[in-house]
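The values are calculated or read from the model by the stated rules, or taken from the named source; none is laboratory data. This structure is a prediction, so every number in the text was calculated from the model and none was measured. Counting neighbours? That spans all protein chains shown, and the Cβs are built from the backbone with ideal geometry, glycine included. Note: accessible area is taken over every heavy atom of the protein model, side chains too, but ligands, DNA and RNA are not part of it. Shrake-Rupley method; radii C 1.70, N 1.55, O 1.52, S 1.80 Å.
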Amino acid sequence: MASFPDFVNENEIGKAKFIGELIPPVAPFDQKSGRETWTVAFAPDGSYFAWSLGHRIVRLVPWKKCLSSFSVRKEDRSSGASQRCLSRQNSEGSLLPGEPREHTIDCGDIVWGLAFGSSVPEKQSRCVNIEWHRFKFGQDQLLLATGLNNGRIKIWDVYTGKLLLNLMDHTDIVRDLTFAPDGSLVLVSASRDKTLRVWDLKDDGNMVKVLRGHQNWVYCSAFSPDSSILCSVGAGKARRADIKQPVRNTLGTAAIAAPVGRSCARAHAPRGFHAPAHKGFLYVFLWDMDKYTQIRKLEGHHNDVVSCEFSPDGALLATASYDTRIIVWDPHTATILLELGHLFPPPSPIFAGGANDGWVRSVSFCHNGHHIASVTDDRLVRFWSIDVQSPQAIAPLTNGLCCAFSTDGSVLAAGSRDGSVHFWACPRGIASLQHLCRLTLRRVMSTQQVYTLPIPHSMQDFLAYKTF
């Protein structure tokens, strides 16, 4: 088994530029709290970086200060000084008034999920009948939500490190958290109790709705850029009777199930024809967040789906699974546009859940809409370009668990089981004018609307991302 298809020479793949790392301070092992960095997050305005460094602790680090420290260390190494890793920052006394300060937060239990939320005053609470609220969120408000092992969600003021709210309703681990990007401070939590819960923090943390549908753990959720759609992914147990073998076309390549010919493979089909995905357990759900109803289910993965994220224009949805694949979907039509394989030859659907050492742990969409990053169990971080046949760059990472791009898309952060976080520069490139125009147009148009435009079919396919 290999991490790349035969036609790809691993030695010819670019090496991602390593920037620096954050290493947790040495502490005695606590049986009740492991060292894993289950999640990392960047503030929407780029001011802070947060990481769960194990032992119930979350570190809030001013991002500019963090980058500056990496630069200083690089200069020290080039001048022959000993290497130093940023494990703590204690220079708050030298900070100017109003400059972001570092905070160390003890959450009281293992931290599984992190999410930043910022407030827009014009976005009012949905509970219009309540005229008085305990908390008044201003325009400069920045919150951090932490999902804990005991099922609780704690909300913190990022600037002061003060605990604001303690949300209690889940009955099992809160695995993931995500804020609506529209500034409404609507928070969605995904839990191992098989539910998603919607919270309105502008209504003092009132729980608005419980979303049910998953038959097993819910691993992750993500909002579309306009906050109208929520994607949730989770665990399941496939049955052999539900799995169909790949259909072979006349070229002898798998038409649907297996990534072939290129690591990013899609079915060979005529224009307008969309091959159906394999029937099986449903791990990917899409929800209407205006009505809190289920829109559709996406079928295609053969094992637990553990991570998901929308592209910045909302036209694409990437989901990562233990079946060794990332699938890029069109969320408007529920069709598979792209498959990013991480194990070759790919495991058959029946054995996709085995110990294949190629489980994909996390996926993240870059804010330029052109790059996707993945963290896998084969000790590699991959940087994919949506129009290139193989990873554009790779980097070594042992026991990686999660990843996230910085707000400007220039840096990728990845957390690991030892509590550390590693940073790489995103591959550089100048986006084409065509790509920028597509990003702009797809922010306001669905796939169905694209195909009503009075333009050539080739342009419609390009706008619908069907020219991969």
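Observations on the model:
- Look at (1) over 23 Å from Glu21 (Cα atoms); (2) modelled with pLDDT under 65 and you find that Val72 fails only one, number (1).
- Test for Leu142: is it modelled with pLDDT under 95 and open to solvent by 60 Å² or more (accessible area, probe 1.4 Å): no
- For the stretch 372-390, filtered to residues that are within 18 Å of Ser311 (Cα to Cα) and open to solvent by 10 Å² or more (accessible area, probe 1.4 Å), the residue that is modelled with the highest pLDDT is Asp387.
- Pick from the stretch 442-468, criterion free of Cβ contacts under 8 Å to residues at least 40 places away in the same chain, open to solvent by 40 Å² or more (accessible area, probe 1.4 Å) and assigned to a helix (DSSP H, G or I), ranking: farthest from Val388 (Cα to Cα): Gln449
- Annotation: of all residues in the stretch 1-21 being acidic (Asp, Glu) and not in a strand (DSSP E or B), the one that is least open to solvent (accessible area, probe 1.4 Å) is Glu10.
- Restricting attention to the stretch 156-169, the residues being surrounded by 22 or more Cβ atoms within 10 Å (Cβ to Cβ) and β-branched (Val, Ile, Thr) number 1.
- Meets criteria (part of a loop (DSSP other than H, G, I, E, B), open to solvent by 20 Å² or more (accessible area, probe 1.4 Å), at pLDDT 90 or above and closer than 30 Å to Ala145 by Cβ) for Pro100: no
- Counting only strands (runs of 3 or more DSSP E) wholly contained in the stretch 192-233, the ones carrying 3 or more residues that are touching a strand residue (DSSP E or B) at 6+ places or on another chain (Cβ under 9 Å) and open to solvent by 20 Å² or more (accessible area, probe 1.4 Å) occupy 206-212.
- Only a single item in (1) surrounded by fewer than 23 Cβ atoms within 10 Å (Cβ to Cβ); (2) touching a strand residue (DSSP E or B) at 6+ places or on another chain (Cβ under 6 Å); (3) not aromatic (Phe, Trp, Tyr) is not met by Pro396, and it is number (2).
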